[in-house]
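> Can you keep this structure in mind? I'll have questions shortly.
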Amino acid sequence: MSCLVSSTCSHLPFDSSLTRSTRSSKLASSVSWQSSFPKLSIHIGSVISSPIVKKDSFVQAAWTRRSRGEAAKRPNKKSWKQRTDMYMRPFLLNVFFSRKFIHAKVMHRPTSKVISVATTNARDIRTNIPSLVDDEACRLIGKLIAERSMEADVYAVSYEPRKGERIEGKLGIVIDTIKEHGIVFVP
């Protein structure tokens, strides 16, 4: 026999010779701090593997912040800035330099739609300029991107440099040329 749920529960074997009043007085005198706990009902019966607990005896606490366990369950949850940035700065400039050519495009971030493209590898540009990767090619690409973006009614773009990338050299020339031709850069 075992005691299932109680604040006055003891793991003493059941003695049928004791009356209810004598059992409670013996338990109360043996534990001095017992009176500070709320009184719960005692059920003494056959041995059961799991205790039966009344739902009224527990108060469930509300979570006030995300615990580490919850953060570990959803590690890819984006921050507020990550979720709203693409709507605050919808048009993104992407510039790619290879050894043979320069490629630039303006993209609408929420829909991933390409607004304007300019590359020195295009057939009409490739045959008309002497070098596909020098400073003059960078100025030409900047001018074409600005004109094609304005044709698509895009007057403000943003540029996010990659990790460790500086806005200087050929990239600086492309961005300055785009600014000179009327496109505003949003920080």
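> Only residues in segment 155-176 that are free of Cβ contacts under 8 Å to residues at least 40 places away in the same chain count as the first member; pair them with residues that are open to solvent by 60 Å² or more (accessible area, probe 1.4 Å) and in a helix (DSSP H, G or I), Cβ under 8 angstrom, at least 6 apart or cross-chain, and list the lot.
Within 8 Å, the pairs are Ile173/Asp135; Ile173/Arg139.
> Condition check: open to solvent by 40 Å² or more (accessible area, probe 1.4 Å) and without any contact (Cβ under 8 Å) to a residue 12 or more places away in the chain. Does Thr84 satisfy that?
So Thr84 fails the test.
> Could we say that Asp124 is touching a Lys or Arg at 6+ places or on another chain (Cβ under 8 Å) and among the acidic types (Asp, Glu) here?
Judged against the criteria, Asp124 is not a match.
> Right, something else. Mind counting the residues in segment 159-187 that are open to solvent by less than 30 Å² (accessible area, probe 1.4 Å) and farther than 14 Å from Ala104 by Cβ?
The qualifying residues number 0.
> Condition test on Thr111, is it touching a helix residue (DSSP H, G or I) at 6+ places or on another chain (Cβ under 7 Å), closer than 21 Å to Pro187 by Cα and not aliphatic (A, V, I, L, M)?
In short, no.
The values are calculated or read from the model by the stated rules, or taken from the named source; none is laboratory data. Just so it is clear, the model here is predicted, and its values are computed rather than measured. Cβ: placed from backbone, ideal geometry, glycine included. Neighbour counts: every protein chain shown. The area values use the complete protein model at the heavy-atom level, side chains included, leaving out ligands, DNA and RNA. Shrake-Rupley method; radii C 1.70, N 1.55, O 1.52, S 1.80 Å.
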